[in-house]
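These notes concern the structure reproduced below.
The values are calculated or read from the model by the stated rules, or taken from the named source; none is laboratory data. This is a predicted model, so every value here is computed, not measured. Note that we place each Cβ from the backbone using ideal geometry, even for glycine, and neighbour counts take in every protein chain shown. All accessible areas refer to the heavy atoms of the entire protein, side chains included, with ligands and DNA or RNA removed. Shrake-Rupley method; radii C 1.70, N 1.55, O 1.52, S 1.80 Å.
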Amino acid sequence: HPTPPLPTSPCFAMVIHVLPLWAVALSSLPSAAAQFGCSTGWDDDFCPANGSSLSGCAKGGYPLLPTQPDWLNLRARLVQDMFGQPLLPNSTSPNKVSTFSAIHRFPDCLYSVWGDGNKSACEKEVNVTELVWEMDARINDTFSHKLQSKVFITLNTSGYAPNYWIDHIEYPDFPVLPRKGNTLVLFHRGHSGVKGCPTYGDTDGVVDWLNQLGFDVAMVLMPFHDCNRDPQGPFDHAWFKPFEDAGLPWVKFFVEPAINTIN
């Protein structure tokens, strides 16, 4: 991205949004920029691979980093641009915390998929902790809205899940209830099409897969989507355009719940 100023369009938000999941692909981001396009009505804010005369872009393609970039300064500017403040969010207290039991059907329990077992044979209770983060979205004295973002935490089920037998169910002889593991995976679903709300939305079994591997999972959802649907909606991402037009930070509504959950 050209510097300065740092861009604040949906193109930039998309890159920031996928970083927690695809950090391993950071080295490939420049090569993807050539195919990257912005939503209708938004100006491009990236430099193409074949060169550009846009401010900050290199004529031969892409911008060139300084020989000795000041990474701390760049980070501070990025935080300021995303959150409208010099420091990352530091909240450690959700607006609401609740724990509930959900009947979970282990999707890789083959006894009920290819075998002749009942689906109930592959179901067990799991405890889910729900964090609710509220964020004030305010443009001026005449427009403000409170966004609600839910995060669902589930624990390691490696000693609790069934095996993969087809002809019979096989749970561990001495099952260990879901328990806190050694690693927390922060999983941002993006546009997932979750159908499991209002429980905890693990429709495709990704969270279950991670839990069975022994990881704890904090699942974060997009603003206004899935378990975060607003009763005054439906809203889509275009809802944030007035913030962009007013020069106000809005990427924070996508990222802040993840940061506060880590806090």
Label-point separation in nm, Arg75 to Asp236, each point 7 Å along Cα→Cβ: 3.7
Using only C-alpha positions, report the orientation-averaged shadow area of the convex hull of region 71-151, nm², one decimal. 9.9
Whole number in Å², please: accessible area per residue of region 55-102, 1.4 Å probe, ligands, DNA and RNA not counted. 74
Largest-first ranking of Thr157, Thr142 by accessible area, probe 1.4 Å, whole protein assembly kept, is Thr142, Thr157
For region 183-263, rounded, prolate or oblate, judged on the Cα gyration tensor with a ≥ b ≥ c (square roots of eigenvalues), a/c < 1.5 rounded, else prolate if a/b > b/c? oblate
Gain upon complete extension [Val206, Ala58; 0.36 nm per residue less C-alpha separation]: 49.2 nm
Which residues does the label zone of Ala102 cover in region 118-159, counting backbone N under 15 Å from a point 7 Å along Cα→Cβ? 123-132, 150-157
Quickly work out the Val176-to-Asn90 label distance, labels modelled 7 Å from Cα along the C-beta direction, and quote it in nm with one decimal. 3.7
